[in-house]
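The values are calculated or read from the model by the stated rules, or taken from the named source; none is laboratory data. Keep in mind the model is a prediction, meaning the values are calculated, not measured. Cβ: placed from backbone, ideal geometry, glycine included. Neighbour counts: every protein chain shown.
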Amino acid sequence: MRRPWEPPDADPHDAIDRCDRCDACGATACVRVTVAHEGILLFCDPHYRVHESAIVTAGYGVRDERRTLDEDIALALALARALDSAA
Ligand SMILES: [Zn+2]
């Protein structure tokens, strides 16, 4: 189930791209699940929570970057506030 835009040798352990989208809803993805012989699934936080127990039980590879994304968002908000107060 390789995505058409991924090269066949795409490393499933690459960091999640900020352009990656949740397969369920299209929101920014922050969790990547590697399913053996199937490919990669991308989830946003809410959708990962829905499927988390099944994914963990199945033993799929999970790369969870929710905290990294949260930190990015916090940084962006802090920057926006700083720019606002400077204006
Ligand atoms: Zn989603």
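Overview of results
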| quantity | calculated |
| --- | --- |
| Members of the stretch 17-45 found to be away from the ligand (no atom under 11 Å from the Cβ), among the aliphatic types (A, V, I, L, M) and touching a helix residue (DSSP H, G or I) at 6+ places or on another chain (Cβ under 9 Å), listed by number | V33, V35 |
| Residue match in the stretch 46-60 (condition: within 15 Å of the ligand (Cβ to nearest atom), modelled with pLDDT of 80 or more and either assigned to a loop (DSSP other than H, G, I, E, B) or among the aromatic types (F, W, Y) (or both)) | yes |
| Residues (crowded, with 16+ Cβ neighbours inside 10 Å and among the charged types (D, E, K, R)) located in the stretch 26-47 | R32, D45 |
